[in-house]
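Colleague: Handing you a structure now.
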Amino acid sequence: MATKSANLYARIEPDVKEKAESILSTLGIPASSAINMFYKQIILQRGLPFEVKIPRLNAETKKAMEETEKGIGLSKGYTNLEEMWKDLEKEDW
């Protein structure tokens, strides 16, 4: 491992930083090590180590997403399992 280090200063959304550092902490990985791993992967992959693209949605998917956002066609919600089982017993399979 190199004996020298360089400083990196970056602006990150506080919520993103908090969530990412919480996950890294659970994994036992300091943020600086994770950033170093990310940079090494950029070098190895000669680019970002993941695909970056805008997804293409077909008309059917777009319609389904719009309906879901409006609450159209969603199943009934339940507050407890007993209520769900009662409804399931009523339905014909």
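FYI, it's all coordinate maths here, none of it is from the lab. If you're wondering where the values come from, they're calculated on a predicted model, not measured in any experiment. Cβ coordinates were reconstructed from backbone atoms using ideal geometry, including for glycine residues, and neighbour counts include every protein chain displayed.
Rundown of residues vs (1) in a loop (DSSP other than H, G, I, E, B); (2) surrounded by fewer than 10 Cβ atoms within 10 Å (Cβ to Cβ); (3) of a type in the set (F, W, Y); (4) in contact with a Phe, Trp or Tyr (Cβ under 7 Å, 6 or more places away or on another chain), yes/no style:
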{"residue": "K4", "(1), (2), (3), (4)": "yes, yes, no, no"}
{"residue": "L8", "(1), (2), (3), (4)": "yes, yes, no, no"}
{"residue": "K17", "(1), (2), (3), (4)": "no, no, no, no"}
{"residue": "I23", "(1), (2), (3), (4)": "no, no, no, no"}
{"residue": "T26", "(1), (2), (3), (4)": "no, yes, no, no"}
{"residue": "A34", "(1), (2), (3), (4)": "no, no, no, no"}
{"residue": "M37", "(1), (2), (3), (4)": "no, no, no, no"}
{"residue": "I42", "(1), (2), (3), (4)": "no, no, no, no"}
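Colleague: Scanning for something of a type in the set (G, A, S), part of a helix (DSSP H, G or I) and out of contact with any Pro (no Cβ under 6 Å at 6 or more places or on another chain), does the range 55-67 turn up at least one residue?
Modeller: Kept after step one, since they are of a type in the set (G, A, S), are these residues of the range 55-67: 59, 64.
From what's left, part of a helix (DSSP H, G or I): 59, 64.
Then keep just the ones that are out of contact with any Pro (no Cβ under 6 Å at 6 or more places or on another chain); that gives 59, 64.
Checking the range 55-67: at least one residue is of a type in the set (G, A, S), part of a helix (DSSP H, G or I) and out of contact with any Pro (no Cβ under 6 Å at 6 or more places or on another chain).
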